[in-house]
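The structure under discussion appears below in the form of structure tokens.
The values are calculated or read from the model by the stated rules, or taken from the named source; none is laboratory data. Here the structure is a predicted model, which is why all the values come from computation and not from measurement. Because the Cβ atoms are built from the backbone with ideal geometry, glycine has one as well, and the counts that use them run over all protein chains shown.
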Amino acid sequence: MTQPQTPPPPTTAGTDIVRFDQVSLHFGATPGLDGVSFQMQAGETRVLFGAAGSGKTTLLKVALGLLKPDSGHVYLFDQEISNLKEQDLFDLRARVGILFQEGGLFDSLTIAENVAYPLLNQRVLRAASSGNGHSATVAERVLEALNFVELGETLEKFPSELSGGMRRRVGIARAVVTTPALLLYDSPTAGLDPITANTIIALLLKEREMRNTATIMVTHRYLDGHLMANFSYNSSSGKMERATNIAEESATVKFFVMNEGRLVFDGSEAELQAAEDPYVRKFLRHGGA
Amino acid sequence: MLDFLKAPVESFQDFIVLSFRAVGNIFRSPHYADDVFQQMDIIGVGSFPIVIMIGFVSGVIMAMQMARALTQYGAQGEVGQIVSVALVRELGPLLTALLVAGRNSSGIASEIGSMKVTEQLDAMRALGTDPIQKLVTPRLIATAFMLPLLTIISDFVGLIGGWMIARYLLNIGDSQYWTSAWQILVPNDIGQGLIKPFVFAIVIAMVGCFYGMRTTGGTQGVGKATTTAVVVADIWIFGLTAMIGRIFLYL
């Protein structure tokens, strides 16, 4: 079981992968984002907590250029995307993998076709894989990505034939098949039983272990963030285990809390646990960790 | 004061923008020929049986009802003219468009609406595909191509329905029926009989896509989008048939 072999696009250490500068977006009178500013660099992980409707998904969609902000500036790989045309955004999005909250799998396509979709439709990736053996390369990468999420046997099935957890894993395979420089996970464990949820988190840790990809993960579960900050994936046992270098690992994992479109907390896990804001503390209490 | 007009005006503006982008995509790559042919099959071949049936029945009804009135003036032999003009100018395009709108505006709205609420449209954009290019433009091309063809078939089958009544119930000769039916038609009739379905096709495809892409609120939203698409498409078809008919009166 290996992660797809294509080398990741170059991301210079110290370069901002994502930067939000006073970004606001309103849906009518409802604030989606309200003056949000943050930046993250290669290899960093952000865990984003917030109540339903607090703007978590909106933040991910704005970061990807799927929604345009009303004001402020959004930079993706150091390029301002707030005013880019859709056609120009496609090439930048090819360097980002995303797992949608609802999965976002195309229900009329097979699992193999779903995972192959970004390889066959993203202009820069299509150009990169054109030439001799093109289709074989795509098929191999699809199989590698599906083996990565341990679903290599589902190639010809349709999404409706899979369970919720399996669909989420296919979504992860589709997100990582392009070996992106940034991964966005929107509620990867929402609605799943604890065992399946932990399997999903183990996959995210496995991906991070292999490629150290910059990651933003939206979640309701404190436990998800705690695992990301303190655990690593043991490839020989195939299980999560407490990281030996917790201090080092925790330094790259930061926590955000959102409330009504505003970023009300930005800090480490220790700072989160010490927070006194009652809204922020709600996410700790429910975690039970 | 005019705030109540804001939402419909904005909707209309969005509709026009979507329509222009869909048409503009016809001349821009990538082209999704497979999707166009698939939609032609769904919209054209799929609508074929119901269009044939309604076309035939409208010809039969027209011939039977008109024959009664024409008999009073001793003009029963002219039934072919009445059936021909009414079907080719008005009823063929109108009935076919209403049927295809009921079948396909709703189908398009529900399909695209379901994709919208399950984030498949966002996924498409995130994975390098313009949903307007991939979903809207193929449906527009397929409907604009298939609806005029379906209308021609519907007109012809309607004329056959009228001929069967003329021959077996009214005892009118075959050549009398077909000659009168053919000779009454002038280029103006055939022109509007073909332009109408083309315009209706644009309305059917674009209204279905527009309401599909605006769907919000889960499965209930999909149902609402579907119903709204059919009602709005039908209203547009009624309005446009009157307008085009009026324009052709002056040509």
Lone qualifier among A:Ala94, A:Ala63 - being in contact (Cβ under 8 Å) with a residue 24 or more places away in the chain, within 10 Å of chain B (Cβ to nearest Cβ) and either under 25 Å from A:Asn121 (Cβ atoms) or among the polar types (S, T, N, Q) (or both): A:Ala94
Which helices (runs of 4 or more DSSP H) sit wholly inside segment B:112-229 and have at least 1 residues that are surrounded by 24 or more Cβ atoms within 10 Å (Cβ to Cβ) and either within 14 Å of another protein chain (Cβ to nearest Cβ) or at pLDDT 95 or above (or both)? B:120-126, B:137-168, B:187-213
Among B:Asp130, B:Asp155, which is the only one that is among the acidic types (Asp, Glu) and closer than 30 Å to B:Pro187 by Cβ? B:Asp155
Test each condition in (1) of a type outside the set (Asp, Glu); (2) modelled with pLDDT of 95 or more; (3) surrounded by fewer than 18 Cβ atoms within 10 Å (Cβ to Cβ) for B:Met243 and report the one that comes out false. (2)
Quick one: A:Ala214 ticks every box in (1) under 13 Å from the mean Cα position of the chain (by Cα); (2) under 21 Å from A:Leu284 (Cβ atoms); (3) not acidic (Asp, Glu) bar one, so which box is it? (2)
Failed criterion for B:Ala242 (all others in (1) outside any helix (DSSP H, G or I); (2) under 17 Å from B:Ala86 (Cα atoms) hold): (1)
In the set B:Ser29, B:Ser47, which member is polar (S, T, N, Q), closer than 20 Å to B:Leu135 by Cα and in contact with a Lys or Arg (Cβ under 8 Å, 6 or more places away or on another chain)? B:Ser47
Residue, surrounded by the most Cβ atoms within 10 Å (Cβ to Cβ), within segment A:66-91, restricted to residues that are more than 14 Å from chain B (Cβ to nearest Cβ) and in a loop (DSSP other than H, G, I, E, B): A:Pro69
Could you list, in sequence order, all residues of segment B:12-36 that are without any contact (Cβ under 8 Å) to a residue 24 or more places away in the chain and hydrophobic (A, V, I, L, M, F, W, C)? B:Phe12, B:Ile16, B:Val17, B:Phe20, B:Phe27, B:Ala33
Sort through B:Leu91, B:Leu98 and tell me the only one that's closer than 17 Å to B:Val199 by Cα and at pLDDT 95 or above. B:Leu98
